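Below is one structure; the comments refer to it alone.
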Amino acid sequence: MAKQENTKQKNIEMELEAKKKELEAREKALEEKEKDLTEKEQKMNETIEEIKAKEIKLNEVECDKESINTAEELKKDLVEIKIPIDQLNKNDKTVEVFINGYRWSIERGKEVKVPRAVKEILTNAKYI
């Protein structure tokens with residue numbers, strides 16, 4: 001009877017050891033899958049960042065094209081203006097006007113040709 005109990009005990013220990021090894025193997029497989037998923041997630045995030053960067057560059061290019069088109073269109077109708085020198089702030093040498101991303105930097109006290117739309121903006125802002 002003691003021999004039979006001893007055999008049963010050994011069988012239980014062997015079964016437990018087998019279960020323990022099976023569990024360890026499952027944990028290892030799970031860790032590998034988790035590592036693989038983490039690497040895939042990192043690659044996806046890098047790809048997303050690359051796509052965002054390309055999208056930003058595309059938007060910049062489109063804005064540049066729009067800015068150039070705006071400038072070319074506005075330059076077709078030029079008018080002469082002269083922005084007076086600011087007597088209260090003599091260091092204020094230029095006035096800048098932006099239309100659709102295109103910038104005009106206009107020196108005070110000099111007669112210059114600018115697009116009619118720029119003149120309208122300066123007139124509305126009471127610079128001229």
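The values are calculated or read from the model by the stated rules, or taken from the named source; none is laboratory data. Note that this is a predicted model, so its numbers are computed, not measured. When we count neighbours, we look across all protein chains shown, and the Cβ atoms used for this are built from the backbone with ideal geometry, even at glycine.
Tell me the residue from GLU13, GLU5, GLU27, GLU34 that is part of a helix (DSSP H, G or I) and surrounded by fewer than 10 Cβ atoms within 10 Å (Cβ to Cβ), please.
GLU5
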Mind counting the residues in the stretch 77-118 that are part of a loop (DSSP other than H, G, I, E, B) and touching a residue at least 12 places away in the same chain (Cβ under 8 Å)?
12
For the stretch 83-91, does any single residue satisfy the condition of being modelled with pLDDT of 95 or more, among the polar types (S, T, N, Q) and out of contact with any Gly (no Cβ under 6 Å at 6 or more places or on another chain)?
no
